[in-house]
Structure formats: structure tokens, C-alpha cells
1. Quick one: putting +1 on the C-beta of Lys and Arg, -1 on the C-beta of Asp and Glu, what dipole do you get for the range 174-227 around its Cα centre, in Debye to the nearest 20?
2. Could you tell me the convex hull volume per residue, in Å³, taken over the Cα atoms of the range 359-408?
3. Leaving ligands and nucleic acids out of the surface, order R250, R110, R170 by accessible area at 1.4 Å, largest first.
4. Where only protein heavy atoms count, and the probe is 1.4 Å, what is the accessible area per residue for the chain in Å²?
5. Please list K14, K261, K211 from largest to smallest accessible area, probe radius 1.4 Å, with all protein chains kept in place.
6. Quote the charge dipole size of the range 102-235 about the Cα centre in Debye, to the nearest 20; the model charges only the Cβ of Lys and Arg (+1) and of Asp and Glu (-1).
7. Which one of G385, A189, F406 has its Cα pushed farthest toward the positive end of the charge dipole of the chain, where Lys and Arg give +1 and Asp and Glu give -1 at the Cβ?
8. Using 27 Å as the Cα-Cα cut-off, could you pick out the over-long pairs in K9/K261; K302/K348; K161/K236; K236/K302?
Amino acid sequence: MITDHGVYKHLAQKNASKIVLLVMDGLGGLPMHVNGLTELETANTPNLDRMAREGTNGRSLPIRPGVTPGSGPAHLSMFSYDPVRYDIGRGVLEALGIGFDLGPDDLAARGNFATVDENGLVTDRRAGRISTEECVRLCEKLQANTSLADEGYEIFIEPVKEHRFVLVIRGEGLGGELTETDPLVTGKAPLPVEDESGTAEGAHTAALVNKWVAQARAVLADEPRANSLNLRGLAKDPGLPQFTDIYQMRAAAIAVYPMYKGVAQLVGMDVIDFEGDRPKHEIAALSRVWEDYDFFFIHIKKTDSYGEDGNFDAKVHEIEAVDQIIPDLLALDPTVVIVTGDHSTPAKLRSHSYHPVPTLFWGEDVMPDNVSAFGERASETGAMGVFHATGMIPWALGYAGRLARFGA
Ligand code: ZN
């Protein structure tokens, strides 16, 4: 069952409860060999096991059966937005993630500096992963030497990290469904941006973007490594209904990586600034803002990164590091805690996967089931069964007493 906001917007009520959504990115895993254990089953997690024992368990389905999610849509789903209905461009997430104040007339793209050979064929899609300082210099060079002012548009070129940057084009009449320039493999030429919407707005926007790309590549031509670039995920802010309005909760996001801050901001959460990048730093940030919010999203990235690296042991250790912050989390006296992942990233597959994700709900009014540990197979026997990830927030609201009775 996929959540529809209508009834919840009608029933949501304020109270003094505190809800925590703790997300280990790519949490779900697979055994590396027959009869083996998964990463989560291998990890020594006494605190999470206790929460599973005291709580109710199941496995969440991020998108649709058998569909492998990207992290953006998988997060929207956990925030209760059907990711198929609300399809958001990566450029928008990237722009929000670096704190860019994206307006309703802005078109955003994720940019990658790249290396091309003398025939214009891509030899390195990441320009040798240039340093972030180098990226800053290149963005300044592009900002100073490219322009769409004669077409009546403003442009912003902002560095992200290493070879990645954000392009924003600001002005009226932008839109369409735009394709990407990245050929996704080396040995091929970059592609032109095309519009697939068939609208005049889309055709105009594609021509405008292609004009900028041609200028930018000319400006970069004398660079030793980043002598070209590609654009991906060209899109505008879709103007999502706000989480904070639907659920009547002040919501805070505690995350290290830009895209997760971006998606949280898109639904109306406040992004909390803090020092450090480990789970213990995130829990310290949580403690600091505990009194100011009702809902807290905490994002742990490295579980996914190690899964994608195929590094089973490192993923196990990261899960254990998260287990160690649980006592500090529970010491804050949360009303309801959800522990989950946005999708599975089994080290065995070295990629995201479609497997449903172990999920536990913990709180005073949660009916405990017979599950005694937090893990893939343990959660299979949990009372929640397999449920759509858009149901997580509604269940938590119910457990926290934040939904009024429906009818007399
Ligand atoms: Zn993810």
C-alpha cells in the first residue's frame, strides 16, 4: 500500500512526541556465499538487537517489487512521497545539497568535468577525479567566461566536490524533459541535450543548454585534464507538498553528504550544520537540536559506500559504529525510533539492489513481535511483513499519538 498524503494531512495533530528516522544508506545485504550471513547479520549489534526485540519488525519496499532504487527516490519514499509520482532530477538535489537557493524559474544540472581526446571522445568521465580546489578554480573560470545574458538568462556555476559541480540557469520559460550529455562510457563523444517533452519550452531550453555547453567546452579546451564537461539530471524544483505542513511537525535533517541534505530540504526539513562526519558527530548534532524539533532524520552514508566498494567487512564495522551511538540516542528519550535503510547495497553485488530493507519500529506503544535480532532473516518473520517505505512515517505518527481518530 502506497501512502496518500490526503488523509494524513487531515488527521495530523501536534503533541510533545519526538520521532527519529535513523537511516543507514544501503543497509540491506546478502550473504557472500551459500549458508553465509549478511553484513547486518554478521555485525555485532547488541543495541539494535534489543530495539528489534522490544519493537516490531519488517522489510520495507522502496519503489516497486524488483525495482532497484537510486538514493534520491528511495529517500523520498521513506519521507512518504511515492517516488514514481514525484520524480526529481538529480541536478535539483545536487543544487540544494550545496545550499544553493533554488528558485521556481531555475533549471539545475549536475555537472561533471571530464577529459576528452583530440577527437572529442571521452577518455575519463571524472577528469582524473581532480581536487576540489581545482574544481573551484574551473568553476570560477566558467563563471567569468561563459554567459547567456544575450538570451536573457543568468547562470551560476558552483563547485561541489572533486570533478562535480552544479550549473543553474535562471530565467523565465525553462522546462521540458531534457536528456543528459554524458555518454556513460569512455571512447564515445558527449551527446547533445535533447528535449523529450515535445513542448516549445523544452526545445528552447535544450537549445539554450547546448549553447552554454559549447561555450564552456571552448573555455576548458586548454585545460590539461578537465578539458570538457558533461551535464546530467537537468530539472527544476517540482515544488513538493511540504512534510512539515502535511504532518504538523518541525523536522530536522542531520546528514553529511549533499544529496541527502538536498532531498530533505526539498520536502521542507531544516538542514542542521555540524562538525565531523562520523555517526558520533551526527548524534552530538541531534542532542544539540533535540528541543527545537519534533522529527529527526539522521543519515549514515558509509554503509552504502562500502557496499558499493564490495567491502563486506567495512560495511559490517560501519553498522557496528551506528550500534554504538544507540545508547546516546535512547538517552534523549525519543517517543518512536525507526531504524532502516533507503535500499539494499549488498557488498556481494557492489551496487544498489531491489531487495527489501530490514526495518524496525521502536517505541512505548509499539506492539513487540517475536523478532529477537536486527537482520534480514530475522525481520522476515516480523509483524510488519513487507511494507511500502511510504508507510514508515504514517506508522510512526500513529505510534507517537500524532494522528487524530478517523470518524466518530
Ligand atoms: Zn542510498
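1. On the way: 4 positive and 9 negative charges, 58 e Å.
Computed charge dipole of the range 174-227: roughly 280 debye.
2. On the way: hull volume 4.9 nm³, N = 50.
That works out to 98 Å³ per residue.
3. On the way: R250 115, R110 35, R170 75 Å².
Ranked list, largest accessible area first: R250, R170, R110.
4. Working: 16950 Å² over 408 residues.
About 42 Å² of surface per residue is accessible.
5. On the way: K14 150, K261 50, K211 70 Å².
Order by accessible area, largest first: K14, K211, K261.
6. Values: 14 positive and 23 negative charges, 113 e Å.
Using only the charged Cβ atoms, the result is roughly 540 debye.
7. Farthest towards the positive end: G385.
8. On the way: K9/K261 24 Å; K302/K348 16 Å; K161/K236 22 Å; K236/K302 29 Å.
Violating the 27 Å limit, Cα to Cα: K236/K302.
The values are calculated or read from the model by the stated rules, or taken from the named source; none is laboratory data. The structure presented is a predicted model; accordingly, all values stated were derived computationally and were not measured. Heads up, the Cβs are rebuilt from the backbone with ideal geometry, glycines too, and the neighbour counts pull from every protein chain shown. The protein model used for the area step is the full one, side chains on, heavy atoms only, and it has no ligands, DNA or RNA in it. Shrake-Rupley method; radii C 1.70, N 1.55, O 1.52, S 1.80 Å.
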